[in-house]
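Beneath this line is the structure, given in structure tokens, with notes to follow.
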Amino acid sequence: MGIESIIVLLIVGAIAGWLAGQLVKGYGFGLIGNIVVGIVGAFIAALILPRIGLTMGGGWLAAIIHATIGAVILLLLIRLVKRA
């Protein structure tokens with residue numbers, strides 16, 4: 001993985017994590033936490049979404065939407081664990 005790929009991953013993760021924090025109120029983790037949530041969310045979405053038949057095209061916007069969906073799923077799971 002080159003430096004360009006890492007930079008793109010961090011940018012997409014930051015945007016997706018911020019969007020997920022806005023969608024799931026009360027569960028923002030700051031800039032670094034949102035980047036981590038966005039990156040982990042992208043991996044979650046990559047595992048789950050194709051299995052249920054949801055695929056998106058390529059490009060920046062599709063990557064951000066994909067990662068945001070995964071980050072929202074992750075934040076909802078964190079919410080459930082914290083309540084238990």
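Readers should treat all values here as calculations from the given coordinates under stated rules, not as data from a laboratory. Note that this is a predicted model, so its numbers are computed, not measured. A quick note on method: Cβ atoms are made from the backbone with ideal geometry, for glycine too, and the neighbour counts reach across all protein chains shown.
Go ahead and estimate [θ] at 222 nm for the chain from helices alone: -39,500 (n - 2.57) per DSSP H run with n ≥ 4, summed, over the residue count, rounded to 500. Mind showing how you got there, number by number?
Details: 3 runs with 64 residues, N = 84.
So the calculated ellipticity at 222 nm is -26500 deg cm²/dmol.
At R0 = 30 Å, how high is the FRET efficiency between I48 and I7 if r is their beta carbon distance? Nearest 0.05 is fine. Could the numbers behind the result be given before it?
On the way: r = 26 Å, r/R0 = 0.85.
Efficiency for this residue pair is about 0.70.
How much length is gained if the chain between R79 and A62 is pulled fully straight, taking 0.36 nm per residue apart and subtracting their Cα-Cα distance, in nm to one decimal?
Values: separation 17, 0.36 × 17 = 6.12 nm, distance 2.57 nm.
Gain on stretching R79 to A62: 3.5 nm.
The H on the amide N of F29, modeled in the peptide plane, is under 5 Å from the matching H of N34, each at least 5 residues off or on a different chain.
Computed from backbone phi, the HN-Hα couplings of segment 44-58 come to 4, 5, 5, 7, 8, 4, x, 5, 9, x, 9, 10, 10, x, x Hz, rounded to whole numbers (Karplus: 6.51 cos²θ - 1.76 cosθ + 1.60, θ = phi - 60°; Gly and Pro given as x). Taking all Cα-Cα distances within segment 22-83, those exceeding 18 Å account for 33%.
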